[in-house]
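One structure below.
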Amino acid sequence: MDKAPVKKPSLIWLLVRRLLGVIVRKPLYSIPPPDARLDQPRSVFIRHLDCGSCNGCELELNALSNPIYDIERFGIRFEASPRHADVLAMTGPFTRNLTEAARLTLEAMPEPLIIAIGDCAMNGGVFRNSYAVTAGDARPDEIRQAIILEVPGCPPAPVDILKKLAELPPDLSGAAVAFPSYPPPLVIERSMSWRSTMPSR
Amino acid sequence: MASIHSGIRETCRAPNAVTELPRRAPNETHFVFENGEDLVRLCQWAKQESYHLCTLVVTDERQLEDNAFKVWYVLHSAQQELVILEYALQDSRQPFSFPSIQATFPCVELLEREVFDLFGVSPLDRMMTGGAVLHAPYPDELHPLWANKSQAALKARINSQAARQPDAPGREHLPAGMFYLPVGPIHAGVIEAGHFRFHVAGEVIEDLDLVLGYKHKGIEKLFETRYTLDTGWELAERVSGDSSFAHSMAYCQAVESLASIELPETVHLWRALFLELERIYNHITDVSALAQDMAFDLAASDIAVLRERIVRLNADLTGHRLLRKVNFPGGVVLNSVPNLDAIKSTVTEVTRTFLGLGKMVMDLAACRNRMITTGKLTKCEAEKFGATGLVARASGLCDHDLRLKLPFGAYASMEELRRLVSATVAIPEALQKPWANRGMPVFDGDLIGDVLARFVIRVAEVETSANIIRLLLDRMRSSPSFYAEVSPQRRPAYERRMVESLRHVQNYEFGLGYVEGWRGDIFYWVMKGPGDTIFRCKVRDPSVFNWPAMRLAIVRKRNEGDAYDPSGPPCWENILADFPLINKSFNLSYAGNDG
Ligand code: SF4
């Protein structure tokens, strides 16, 4: 078939291109923000929580980090620990085997807030009625009550997720009542931003 | 190679107790065994003749004429031959035990544990413990796949009964200086749920316990209770999201073989095209993720952009980024007239850029160093544990590819496609030639099953897939009806034909569907119930066989019972920080495995 030799792009060229992009402030690939609200300054740290998805939703969540959607430019970031997260991105129909792990994750959060990603997380999707999932209203109360946003789709396309995330308030602190967390309570004064802790000049 | 008939003559003590049923397809043989020991002996013979195990299926036919549970083993040979071995558990002393072939095919272990949880039947020669897919929240002896249990009854039983004690993994005493490191089931990245327990000595991973099954969604029961033969594709494409098309294709083939329907050639061509598109975008994703794990973010993001382009091409063609809702038993539909030239130019351009970037990652000394000898799975281990798909190919089992061994769809009818596929599988032998031309790395010997080998195979397969797609497009272009047969208007006709042919199929017939997805071979076993219901649908994802292989690739190699020896050969060790890289290089599906 096509036997033309493949030329290797040089590392220098890639770097130069990237640098040029930074200098002229024009991103190389990224799409314009799908929603004007995303242009506001915001800081939302998201922790992903898999509750038995088919891994389609994970693919799209991962795609959000690629240079095209580049979610971090909107101040939204995927975090590695629930302790540092503002909100959980929950995927999947909530399998029984994961109930305990999901509960513990929620308990480890400073404030229990969940975004339900995908039809499964909303109502069980195609897995509704199975003996092995507790979809929709059958989920434990603390999980159900913590859901603040639902993103429909199977899986929702990255743009749809972005559009939905634009509905989040720019600052999530104080958005929910404190959840009885396990001892020792890691209570951090939410109103105390790092600025107010700096000695005034 | 000897045929299965001579195997039966050679190995079975009572050949008369083996009945051959009439063939349904020229390459398919079906035997009913009355003697379990003969079945085991035949499997030993088959292993020596390098047959591979496809799947183990158990059906609850206690309400039917045979009045028993049945066990079915499906094997395939390298000569495109499919063998089905059937055995009814009619021993009244042990109605719940079956002859196990685990000693011969160790890869069947995960399937056996799952069967024990779902049916309560266990191998004759071993004690089983539950917990493979039904963890602590489920009561003992639930047996959800028994034919007489309804979803409502199962739920009532689960809710009424107190949960079991969580099955804590055994804590044997570790030697001084070693400790356990539990990770999961919820992980730090955007990945799926599964629990790993490392036994570490310093940084070296000595052993690894895998606890899967967290994502068990009861898919097989759902097939039986909520879906019918013509709607089951909806669930099949959600068994493992990244293999949506491969799974739906395997399901559709199973139903089509059940209904003995011949499809128009165009449908086969389009299916092969989508299958290769899925392969391309997933391999690109994995290569990007590997580059990211090696902290080469620059290349990783450039490669991720390529992936997005293919995914958008999917969306243009089918209306869905992951190729869902295009495939159904009896046909394929696109949502608009495709522009064949645009497909060709996108695929060509993407693969060209991708090969360049892949080459760059491999040529960078830092990356190469990181990948070489990390997570090594030797050929002999891959063979023994039945690794499939790209994992097996990277370990040197280079022709382990269903597109060659058991061709389906367009691969069966088009010799040229198989030739293209075997051009990649021939890499290890001809490593010096095609790859040297492109400046790809040249090894001294075989592909040795390390992370680098899996990386190389991924890059190589993307190129092959692009070649296949170009060939398919040329073929389509030469036929004027390339769109007419896959236009949305055809859908009702296809569906009607399917329903019509299913009506003539007898109850409790079964069909087999098999596809080489990007991860490996996928098998579907679909048995028809009364009307258009599904009596049993067994899904076998390639991850089921590759998880044990991945465990082997990670742990320090040693013989059973060897004491910990810090002076062991260093290239066989992996440290904790290697785990994410190795895990990514396998990229197995938790969802597909847990079902
Ligand atoms: S919503 Fe769809 S894509 Fe997401 S986990 Fe459920 S089935 Fe998979």
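Structure notes:
- Selection count where residues are in contact with a strand residue (DSSP E or B) (Cβ under 9 Å, 6 or more places away or on another chain) and either among the polar types (S, T, N, Q) or over 19 Å from B:D66 (Cβ atoms) (or both), scope region B:25-42: 6
- Sole exception among (1) in contact (Cβ under 8 Å) with a residue 60 or more places away in the chain; (2) over 9 Å from A:R47 (Cβ atoms); (3) away from chain B (no Cβ under 11 Å) for A:D86, by number: (2)
- Inside region B:202-222, residues that are part of a strand (DSSP E or B) and open to solvent by less than 10 Å² (accessible area, probe 1.4 Å) make up a count of 3.
- From the list A:P112, A:P156, A:P170, the lone residue that is within 16 Å of the ligand (Cβ to nearest atom) and part of a loop (DSSP other than H, G, I, E, B) is A:P156.
- Of all residues in region A:60-73, those that are over 12 Å from the mean Cα position of the chain (by Cα) and assigned to a helix (DSSP H, G or I) total 1.
- Residue pairs whose Cβ atoms lie under 7 Å apart, sitting 6 or more positions apart in sequence or on different chains, and linking a residue in region A:121-133 that is more than 8 Å from chain B (Cβ to nearest Cβ) and closer than 12 Å to A:C51 by Cβ to a partner that is more than 7 Å from the ligand (Cβ to nearest atom) and of a type in the set (S, T, N, Q), do not occur here.
- Among residues that are in contact (Cβ under 8 Å) with a residue 24 or more places away in the chain and open to solvent by 10 Å² or more (accessible area, probe 1.4 Å), B:S413 is included.
- A:L49 being assigned to a helix (DSSP H, G or I), within 11 Å of another protein chain (Cβ to nearest Cβ) and either open to solvent by less than 60 Å² (accessible area, probe 1.4 Å) or among the basic types (K, R) (or both): no
- Test set (1) within 28 Å of B:K528 (Cα to Cα); (2) touching a Gly at 6+ places or on another chain (Cβ under 7 Å) - B:V57 fails condition number: (2)
- Hey, B:E256 away from chain A (no Cβ under 14 Å) and without any contact (Cβ under 8 Å) to a residue 40 or more places away in the chain or not: no
- Helices (runs of 4 or more DSSP H) fully within region B:289-373 counting 1 or more residues that are within 9 Å of chain A (Cβ to nearest Cβ) and surrounded by fewer than 23 Cβ atoms within 10 Å (Cβ to Cβ): B:297-318, B:340-363
- Test for A:E100: is it modelled with pLDDT of 90 or more and either of a type in the set (A, V, I, L, M, F, W, C) or surrounded by fewer than 24 Cβ atoms within 10 Å (Cβ to Cβ) (or both): no
- Every test in (1) more than 7 Å from chain B (Cβ to nearest Cβ); (2) open to solvent by 30 Å² or more (accessible area, probe 1.4 Å); (3) touching a residue at least 24 places away in the same chain (Cβ under 8 Å) is passed by A:S65 save one, and that test is (3).
- Per the conditions (1) closer than 23 Å to A:R144 by Cβ; (2) in a strand (DSSP E or B), the sole criterion not satisfied by A:C57 is (2).
- Screening B:I372 on (1) in contact (Cβ under 8 Å) with a residue 60 or more places away in the chain; (2) over 27 Å from the mean Cα position of the chain (by Cα) shows it passes everything except condition (2).
- Scanning region A:63-99 for residues that are within 16 Å of the ligand (Cβ to nearest atom) and in contact with a strand residue (DSSP E or B) (Cβ under 9 Å, 6 or more places away or on another chain) yields A:L64, A:L88, A:A89, A:M90, A:T91, A:G92, A:P93, A:F94, A:T95, A:L98.
- Restricting region B:374-410 to residues that are more than 23 Å from B:L275 (Cα to Cα) and of a type in the set (A, V, I, L, M, F, W, C) leaves a set whose member that is most open to solvent (accessible area, probe 1.4 Å) is B:C380.
- Scanning region B:233-253 for residues that are more than 14 Å from chain A (Cβ to nearest Cβ) and open to solvent by less than 10 Å² (accessible area, probe 1.4 Å) turns up B:M249, B:A250, B:C252.
The values are calculated or read from the model by the stated rules, or taken from the named source; none is laboratory data. Given the structure is predicted, the values throughout are model-derived calculations rather than measurements. All Cβ positions, glycine included, derive from the backbone under ideal geometry; neighbour counts span all protein chains shown. To get the accessible areas, we keep the full protein, side chains included, count just its heavy atoms, and leave off ligands, DNA and RNA. Shrake-Rupley method; radii C 1.70, N 1.55, O 1.52, S 1.80 Å.
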